[in-house]
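A.B. asks: Quick one: this structure, given as structure tokens, is what I'll be asking you about.
The values are calculated or read from the model by the stated rules, or taken from the named source; none is laboratory data. This one's a predicted model, so the numbers in the text were calculated from it and none came from an experiment. So basically every Cβ, Gly included, is an ideal-geometry build from the backbone, and we count neighbours across all protein chains shown. Just the protein is used for accessible areas: all its heavy atoms, side chains included, with ligands, DNA and RNA removed. Shrake-Rupley method; radii C 1.70, N 1.55, O 1.52, S 1.80 Å.
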Amino acid sequence: AEETISGDVHIGGGETDAMRLIARAAHRLQSAYPHIAYHLFSGNADDVTERLDRGLVDFGVFIEPADLSKYDFIKLPVTDIWGVLMRKDCPLAARATIRPQDLLGLPLLASNQHLVKNEFSGWFGEGYEKLNITTTYNLLYNASIMVEEGMGYALCLDKIVRTSGGSPLCFRPLEPKLEVGLHIAWKKYQFFSKAAEKFLEYLQREIADSQKGGGGAEE
């Protein structure tokens, strides 16, 4: 029998569907070591960086672009896609994709992170400063309520807010496509607890399985 391991694993991260990979690893670990507890913190890259540096989280999940020069990290085998969250009854919802010129003159909700702004301005090209950004946000859920209530169109990542079924919202990807990678990072020379050490081991196993196409978890 394997040794009994208990303790806490603290994970911080931005809002991303890639958390499914983290969740699958945690679920596997929970089955083997039921005495380990998990603590999640959701925030933007600045929030997560601060908590990682202060030792308040063991691991941080970062969406590109992010400065990871002072951390050890693993690139996750998943990507997120940028697009626009909008009401299903608005004119743009009829489009399959959203091009830069489609956004001119529209009230926009955008991330308040500096690096994300740079990424999006690079996609938009000349004229980015002319965009009508009326609202900024750091996490999407409350911004999605603003969109639902007619405040405008949110520039965001896919699969964070549910748009299926009876939801009044829909998501349309950007064209040209803007896809971003994800990493999980931790402090260099970090002394891990047994629980955090096991989590990293199981996450690496989950990543290896997903790259082989196994998926790693039962549906």
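A.B. asks: Pairs on different chains or at least eight residues apart, Cα atoms closer than 16 Å: how many lysine pairs in the chain fit?
C.D. replies: For the chain, qualifying lysine pairs total 8.
A.B. asks: Express in whole angstrom the spacing between the alpha-carbon centres of segment 1-36 and segment 138-206.
C.D. replies: 18
A.B. asks: Give a quick list of GluC sites (Glu not before Pro) in segment 1-84 that DSSP marks as loop, anything other than H, G, I, E or B, with at most 15 other Cβ atoms within 10 Å.
C.D. replies: GLU2, GLU3
A.B. asks: Also: Hey, what's the Cα Rg ratio for segment 1-117 versus the globular rule of thumb, 2.2 N^0.38 Å?
C.D. replies: Normalised by 2.2 N^0.38 Å, the Cα Rg of segment 1-117 equals 1.39.
A.B. asks: For segment 9-72, what is the convex hull volume of the alpha-carbon atoms per residue, in Å³?
C.D. replies: It comes to 85 Å³ per residue, whole-number rounded.
A.B. asks: Give the percent of DSSP beta bridges with both residues in the chain that are antiparallel, rounded to the nearest 5.
C.D. replies: Around 55 percent antiparallel, to the nearest 5.
A.B. asks: A further question on this structure: Any idea what % of Cα-Cα pairs in segment 54-159 are farther than 18 Å?
C.D. replies: Distances greater than 18 Å cover 54 percent of the Cα pairs.
A.B. asks: Enumerate the amide H contacts of LEU76 below 5 Å, restricted to partners 5 or more residues apart or on another chain; note that Pro and chain-start residues carry no placed amide H.
C.D. replies: LEU182, HIS183, ILE184
A.B. asks: Mind pulling the per residue volume of the convex hull built on the Cα atoms of the chain? Å³ is fine.
C.D. replies: Looking at the chain, the number lands at 141 Å³ per residue.
A.B. asks: Given R₀ = 30 Å, what would the calculated FRET efficiency be for HIS35 paired with LYS75, taking r from the Cβ atoms and rounding to 0.05?
C.D. replies: Computed FRET efficiency for HIS35 and LYS75: 0.50.
A.B. asks: How much accessible area per residue does segment 1-65 have, counting only protein heavy atoms and a probe of 1.4 Å, in square angstrom?
C.D. replies: On a per-residue basis, 49 Å².
A.B. asks: Then there's this: When averaged across all projection directions, what area in nm² does the alpha-carbon convex hull of segment 155-219 cover?
C.D. replies: The number I arrive at for segment 155-219 is 7.9 nm².
A.B. asks: For a quick size check, give me the Cα extents of segment 67-117 along its three principal axes, largest first, whole Å.
C.D. replies: Answer, in whole Å and largest first: 45, 24, 18 Å.
A.B. asks: DSSP loop GluC sites (Glu not before Pro) in segment 86-183 with at most 12 other Cβ atoms within 10 Å of their Cβ, which ones?
C.D. replies: GLU126, GLU149
A.B. asks: Between ALA208 and GLU149, take the C-beta separation as r, use R0 = 41 Å, and let me know the FRET efficiency to the nearest 0.05.
C.D. replies: For R0 = 41 Å, the calculated efficiency reads 0.40.
A.B. asks: What do you reckon, how do MET86, MET151, MET19 stack up by accessible area (1.4 Å probe), largest on top?
C.D. replies: Ranked list, largest accessible area first: MET151, MET19, MET86.
A.B. asks: May I ask for the angle, rounded to the nearest 10°, between helix 19-32 and the longest principal axis of the chain, with both axes built from Cα atoms and the value confined to 0 to 90°?
C.D. replies: Helix 19-32 sits roughly 20 degrees off the main axis of the chain.
A.B. asks: Report the net charge of residues surrounding LEU139, where surrounding means a beta-carbon distance below 14 angstrom and charges are Lys +1, Arg +1, Asp -1, Glu -1.
C.D. replies: Local charge sum for LEU139: -3.
A.B. asks: Using 7 Å Cα-to-Cβ label points, what is the LYS117/LYS130 separation (nm, one decimal)?
C.D. replies: Inter-label distance under the simple model: 2.0 nm.
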